[in-house]
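Please treat every number below as a calculation from the coordinates, not as lab data. The shown structure was predicted, so the numbers you read here are calculated from the model rather than taken from an experiment. Quick reminder, even Gly has a Cβ in these numbers, built from the backbone with ideal geometry, and neighbours come from all protein chains shown.
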Amino acid sequence: MAAELVVQIRADADVLIARQKARELAKPLNFSASDLTLIATAISEVARNIVTYAKHGQIVLGIVTRGRRRGIRVVAQDEGPGIPDIARAMEDGYSTSSSLGLGLPGSKRLMDEFDVVSTVGKGTTVTMTKWER
């Protein structure tokens, strides 16, 4: 990634800031309004997971290129409790809180590329990319 923008996530208000910063960063790219909404929604899901489970973390935003393609990469990082069973966490409806359990699997559907790495007791990193159409 070229220039990165880091948004600290500690409260719900920070989720909105991360969404706004992603929209600003992605504006020069050729994303449709609906793609911008999908990106913002995916950021909301992973950032809210940080607030709910880890209490604090960060969202790192950046423009990426692959050949002639450009996109936005979103990396959500925390040092929270980690996810003991990633496969289970990726199932629709699974939640260890009182949520609907759509956060991670929903984010995966909204973005073009999605990866989650987690170690119990050390934290979680979710990396997502949306490419220009």
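Worth pointing out:
- Angle of helix 33-49 to the longest C-alpha principal axis of the chain, folded into 0 to 90 degrees and rounded to 10: 30°.
- Fewest-first ordering of L29, L104 by other beta carbons within 10 Å of each residue's beta carbon gives L29, L104.
- Applying a threshold of 25 Å to the alpha-carbon distances of K27/K130; K21/K122; K27/K122 flags K21/K122; K27/K122 as lying beyond it.
- Residue-wise HN-Hα coupling along segment 73-80, computed from phi with Karplus coefficients 6.51, -1.76, 1.60 (Hz; x: Gly, Pro): 10, 10, 10, 9, 10, 8, 10, x
- Neighbour-count order for K130, K55, fewest beta carbons within 10 angstrom listed first: K55, K130
- The distance from the alpha carbon centre of segment 7-28 to that of segment 41-89 is 12 Å, rounded to a whole number.
- Modelled label reach - R70, point 7 Å along Cα→Cβ, segment 110-131 residues with backbone N closer than 13 Å: 131
- A simple rule links phi to the HN-Hα coupling: the Karplus curve 6.51 cos²θ - 1.76 cosθ + 1.60 with θ = phi - 60°, which for segment 84-93 gives x, 9, 4, 4, 5, 5, 8, 7, 4, x Hz, with x for Gly and Pro.
- Vicinal HN-Hα couplings computed from phi for segment 19-25 (Karplus, 6.51 cos²θ - 1.76 cosθ + 1.60; Hz; Gly/Pro x): 4, 5, 5, 5, 4, 5, 5
- For a straight C-alpha distance cut-off of 20 angstrom, the aspartates and glutamates reachable from K108 (same-chain residues fewer than eight places away being disregarded) are D35, E45, D78, D85, E91, D92, E132.
- Measuring nothing but how far apart in sequence close Cα pairs (under 8 Å, 6+ apart) lie, relative to its length, the chain scores a relative contact order of 27 percent.
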